[in-house]
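One structure below.
The values are calculated or read from the model by the stated rules, or taken from the named source; none is laboratory data. Small disclaimer: the values here were computed from a predicted structure and weren't measured. Every residue, glycine among them, receives a Cβ derived from its backbone with ideal geometry; neighbour counts consider all protein chains shown.
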There are 2 protein chains.
Amino acid sequence: MEISVDLFKKLKSFSEPDLQNQILKHGKILKASKGDVLIKEGQHLNFLPIVIKGLLRVYQQKEDREILLYYVGPEQTCMMSLSSAYFDYSSSANGIAMEPTEILILPAHVIAEWQLKYPSWNKFIIKTFKSRYDELLTAFGSIAFKPIHVRVKEYLHGYIKNQKSQKIPISHLTLANELGTTRVVISRILKQFELEKKVKLFRGYIQVKN
Amino acid sequence: MEISVDLFKKLKSFSEPDLQNQILKHGKILKASKGDVLIKEGQHLNFLPIVIKGLLRVYQQKEDREILLYYVGPEQTCMMSLSSAYFDYSSSANGIAMEPTEILILPAHVIAEWQLKYPSWNKFIIKTFKSRYDELLTAFGSIAFKPIHVRVKEYLHGYIKNQKSQKIPISHLTLANELGTTRVVISRILKQFELEKKVKLFRGYIQVKN
DNA sequence: GGGGTTATGTATCATTTGATACCGTCGAGC
DNA sequence: GCTCGACGGTATCAAATGATACATAACCCC
């Protein structure tokens, strides 16, 4: 698909006209449907994807268990790809579209030079590295020190804080995959929370009280 | 302490003469003794430390448990400080000198502009971000999916691979702190390994067999 | 050699987490 | 209505991990 200048209404991080021209010249737009797998573990990536609209979920997998690393929302890019693109490494995670998602694709060979030429690009990259690192560090601290029921609680609270809604549309199985555990464990913990009047459980969603 | 040009024999990453001059102009050398705490959780850092000689250990702590994040060796810098220095955040980990260590200290306000001016500096930063991220990701995967005895085994093998020695000078307690668990757990696992003829245990060190 | 400190061995017990199995319910689609 | 698959509840059991306690041994320093 062709790119239009409208793009930069959505990607405000890239302010320099020169950079915008470069992006228009080298970039492509990709549209992904819900459920499309965009990145696979072990795969070499020679492009950098920047989400314009929608949401990607990036996670690690081991046999039948998986664990969330982070989400990539609009104006963000994916750490795995960034590493791959700069250093020709392969990805160590999987990425899947959670909803219909529009992605700007930039070829790896152009972005290294932008790093020096365009301050806003540079800042974007550094910011991405830092925020992804912080997220991962937080997750690491949680999994190293906190019991699962606390992580569940924090997940729920994190959700309602972001979405401003007490109603969390997630199945027990999905929640288990976010936290790297199994469905039964989650069901048990949620049921306990319900007995403690902290939540109310429904099919397909969880209502957090007061 | 004053800086001399000799420095750049040890820090080969910084090749541009201009950058070297900048470093000479703004940098200071700090000497730390074994056990000196250089970074504390929550602390604001307005400088970036680059290790010249020696070793720093960076770890997270929670109550009486701790877990290793990474080591900072010669020619490397610390992720926490990097984040702090670029974004004026506070550190979310602790850093301590493991041996007598010499550190180049650069004030935070100068490094942001170097990022655009000096390609070798830029590369250094990106490389640091990437390798720290990869380390953390590996650690995260391990702790999420692998039982402790496997992590112990991998720690031992990682050590002998780096140090080319089958003799690992570490106490059970220290090893427990590297992996985020407790001494008794480590003793139990190592004893099991010994019964399986995989290692031989001594006071203060572990001998890995064949 | 004595005294204090650190390192290690080990037993016991509780708790957390995970694996397995089975069942009932709900909702979509026919 | 019926069927099928996803979802959730729950019981049972096993394994991993952690907490506590105590004993012994090695080492350091004086």
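Condition check for residue B:138 on (1) more than 11 Å from every other protein chain (Cβ to nearest Cβ); (2) β-branched (Val, Ile, Thr); (3) more than 16 Å from DNA strand D (Cβ to nearest atom); (4) loosely packed, with under 15 Cβ neighbours inside 10 Å: one failure, at (1). Scanning the stretch B:174-201 for residues that are more than 10 Å from DNA strand C (Cβ to nearest atom) and under 24 Å from the mean Cα position of the chain (by Cα) turns up B:177, B:178, B:179, B:180, B:181. Annotation: residue A:127 fulfils all but one of (1) basic (Lys, Arg); (2) within 14 Å of another protein chain (Cβ to nearest Cβ); (3) under 20 Å from residue A:62 (Cβ atoms); the unmet one is (3).
Taking every residue in the stretch A:189-206 that is in a helix (DSSP H, G or I) and pairing it with any residue that is within 7 Å of DNA strand D (Cβ to nearest atom), at least 6 positions away or on another chain, the pairs with Cβ-Cβ distances below 8 Å are A:190/A:172; A:190/A:201; A:191/A:201; A:194/A:201. Within the stretch A:71-82, being surrounded by 20 or more Cβ atoms within 10 Å (Cβ to Cβ) and assigned to a strand (DSSP E or B) holds for A:72, A:77.
Of the candidates A:41, A:99, the single residue that is in a loop (DSSP other than H, G, I, E, B) and either aromatic (Phe, Trp, Tyr) or touching a residue at least 60 places away in the same chain (Cβ under 8 Å) (or both) is A:99. For the stretch A:83-105, the tally of residues that are more than 12 Å from residue A:34 (Cα to Cα) and charged (D, E, K, R) stands at 1. In summary, residue B:110 fulfils each of the numbered conditions (1) crowded, with 20+ Cβ neighbours inside 10 Å; (2) in contact (Cβ under 8 Å) with a residue 12 or more places away in the chain; (3) not small (Gly, Ala, Ser) with the single exception of condition (1).
Among the candidates B:133, B:118, which residue alone is over 21 Å from residue B:60 (Cβ atoms), aromatic (Phe, Trp, Tyr) and within 14 Å of chain A (Cβ to nearest Cβ)?
Numbers: B:133 fails: over 21 Å from residue B:60 (Cβ atoms).
That would be B:118, the only listed residue that is over 21 Å from residue B:60 (Cβ atoms), aromatic (Phe, Trp, Tyr) and within 14 Å of chain A (Cβ to nearest Cβ).
Output the residues belonging to the stretch B:2-27 that are modelled with pLDDT of 85 or more, over 18 Å from residue B:73 (Cα atoms) and either within 23 Å of the chain's Cα centre (by Cα) or of a type in the set (D, E, K, R) (or both). Within the stretch B:2-27, B:16, B:18, B:23, B:25, B:27 qualify. The single condition from (1) away from chain A (no Cβ under 14 Å); (2) within 13 Å of DNA strand D (Cβ to nearest atom); (3) of a type in the set (Val, Ile, Thr) that residue B:206 fails is (2). Taking the criterion of being more than 10 Å from DNA strand D (Cβ to nearest atom) and within 14 Å of chain B (Cβ to nearest Cβ), the residues of the stretch A:141-186 that qualify are A:141, A:142, A:143, A:146, A:148, A:150, A:151, A:177, A:178, A:179, A:180, A:181. Restricting the stretch B:87-101 to residues that are touching a helix residue (DSSP H, G or I) at 6+ places or on another chain (Cβ under 9 Å) and surrounded by fewer than 18 Cβ atoms within 10 Å (Cβ to Cβ) leaves a set whose member that is nearest to the other protein chains (Cβ to nearest Cβ) is B:87. Screening the stretch B:166-188 for residues that are in contact with a helix residue (DSSP H, G or I) (Cβ under 8 Å, 6 or more places away or on another chain) and more than 23 Å from residue B:62 (Cα to Cα) and picking the one that is modelled with the lowest pLDDT gives B:166.
Looking across the stretch B:142-173, the residues that are farther than 22 Å from residue A:137 by Cβ and either within 8 Å of DNA strand C (Cβ to nearest atom) or among the hydroxyl-bearing types (Ser, Thr, Tyr) (or both) come down to B:159, B:165, B:170, B:171, B:172, B:173. Cβ-Cβ distances below 6 Å connect the following pairs, each with a first residue in the stretch A:133-155 that is more than 13 Å from residue A:68 (Cβ to Cβ), a second residue that is among the charged types (D, E, K, R), and a separation of six or more residues or different chains: A:145/B:62.
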